[in-house]
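For reference, the structure is listed below as structure tokens.
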Amino acid sequence: MRAFSRAVLTVVAAAGLPGLDAALPTDILGNTPLLKMSDADKKLQYEAVMDVLESSDVHAVREWENKKTGFKGRVDAQGDMTSADGLRCRRLQLRMQLNGSQSLFTFPFCKDAQGQWFIASGKKVSDESSPR
């Protein structure tokens, strides 16, 4: 199953799953703040991502901040798209920031037939405004 939470925690917050940060070579992620995200940070980010994905505004923006850890972030919708197989998709830009270090990712997300959002890695997508 391409569950949204598994995809986001695995790809976006790579250090997020318990024990995964120890398994990832630090030279891949460099000095990225992702290595330091707490469960509370990931929950705030997840909620912001879901708000933006479910928003009727194709350019919705949500910011989040955890004052306890110093983490903050922003999720920007960059428009709707359609996958080649007809799924509703939306491109998101995710920013995470901690102590001056920033990580920035852009992903297309699509919603499957069961209503679950997932990172549409490898899917062909086209902007809603482009001719098909």
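The values are calculated or read from the model by the stated rules, or taken from the named source; none is laboratory data. The structure displayed is predicted, hence computed values, not measured ones. All Cβ positions, glycine included, derive from the backbone under ideal geometry; neighbour counts span all protein chains shown. These accessible areas exclude ligands, DNA and RNA; they are computed on the full protein's heavy atoms, side chains included. Shrake-Rupley method; radii C 1.70, N 1.55, O 1.52, S 1.80 Å.
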Looking at this structure, is S126 loosely packed, with under 14 Cβ neighbours inside 10 Å, assigned to a strand (DSSP E or B), of a type in the set (S, T, N, Q) and modelled with pLDDT under 90? yes
Among the candidates V49, V11, single out the residue that is modelled with pLDDT of 95 or more, within 10 Å of the chain's Cα centre (by Cα) and within 24 Å of K124 (Cβ to Cβ). V49
Among residues of the stretch 59-106, those that are open to solvent by less than 30 Å² (accessible area, probe 1.4 Å), assigned to a strand (DSSP E or B) and either over 22 Å from S126 (Cβ atoms) or of a type in the set (A, V, I, L, M, F, W, C) (or both), counted: 13
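So which residues in the stretch 37-54 are open to solvent by less than 40 Å² (accessible area, probe 1.4 Å) and farther than 12 Å from W117 by Cβ, if there are any at all? Write out each step before concluding.
Pass one, the stretch 37-54, residues open to solvent by less than 40 Å² (accessible area, probe 1.4 Å): 37-38, 41-42, 45, 48-49, 52-53.
If the condition is that a residue be open to solvent by less than 40 Å² (accessible area, probe 1.4 Å) and farther than 12 Å from W117 by Cβ, then M37, S38, D41, K42, Q45, A48 are the ones that fit.
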